[in-house]
Amino acid sequence: MSPDPVTRTPYPDPDPVASTPNPGPVTDTGTAVHRAVAAVEHAVKGPVFDCRMCGQCVLHSTGMTCPMTCPKTLRNGPCGGVREDGRCEVDPSMRCVWLRAFERSRRLPWRGHFTALRPPVDNRLTGSSSWINLLTGRDRRTPPGWRP
Ligand code: SF4
């Protein structure tokens, strides 16, 4: 049986803020509004997705599986150290996050997004609300020189 054809999907483009040089620190996360929204987001997504509040949510393209739960916090697939039984090489008590992500993504209408190249995580956004960062476009700013 032939494998499920998957079309490589580029990261959303054109993106007016993707090539913004040196996006700088997040300056609004200390506001009361941002803290309140981040608290609500954590309360909702923590129990459901084990959200680690990275501030740049990519759940839609990872089969609704949080990549930040990977011990290596890989954003673009497994490390290559997956054990033969599908368990994680770092934490054998858990199944590889990326195997689960792939399996779940197959059941989604937008499964082609799974192969989108996700930009490196910006640790300056840790703890901030990905909902606000999505609305402001801050989550789509990438390091200078990085392009998919
Ligand atoms: S990708 Fe980031 S924002 Fe989305 S669930 Fe995971 S830690 Fe939370």
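The table below gives the values:
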{"read-out": "V121 vs. criteria assigned to a loop (DSSP other than H, G, I, E, B), of a type outside the set (G, A, S) and either within 16 Å of the ligand (Cβ to nearest atom) or touching a residue at least 60 places away in the same chain (Cβ under 8 Å) (or both)", "value": "yes"}
{"read-out": "P10 under 19 Å from the mean Cα position of the chain (by Cα), within 17 Å of D139 (Cβ to Cβ) and modelled with pLDDT under 95", "value": "yes"}
{"read-out": "Search result, residues across region 31-63 that are aliphatic (A, V, I, L, M), assigned to a loop (DSSP other than H, G, I, E, B) and either more than 9 Å from the ligand (Cβ to nearest atom) or more than 18 Å from S105 (Cβ to Cβ) (or both)", "value": "M53"}
{"read-out": "Which listed residue is in contact with a helix residue (DSSP H, G or I) (Cβ under 9 Å, 6 or more places away or on another chain), exposed (fewer than 15 other Cβ atoms within 10 Å of the Cβ) and of a type in the set (D, E, K, R), from R118, R138, R83, R106", "value": "R106"}
{"read-out": "First in region 54-65 and farther than 18 Å from R141 by Cα and among the small types (G, A, S), second anywhere and more than 6 Å from the ligand (Cβ to nearest atom) and assigned to a loop (DSSP other than H, G, I, E, B), Cβ under 9 Å, 6 or more apart", "value": "G63/R106; G63/R107; G63/L108"}
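This table checks each residue for (1) among the charged types (D, E, K, R); (2) surrounded by 14 or more Cβ atoms within 10 Å (Cβ to Cβ); (3) over 13 Å from the mean Cα position of the chain (by Cα).
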position	(1), (2), (3)
R75	yes, yes, no
C88	no, yes, yes
W98	no, yes, no
W110	no, no, yes
H113	no, yes, no
S128	no, yes, yes
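The values are calculated or read from the model by the stated rules, or taken from the named source; none is laboratory data. All values derive from a computational prediction rather than experimental measurement. With ideal geometry, Cβ positions are generated from the backbone for all residues, glycine too; neighbour counts draw on all protein chains shown.
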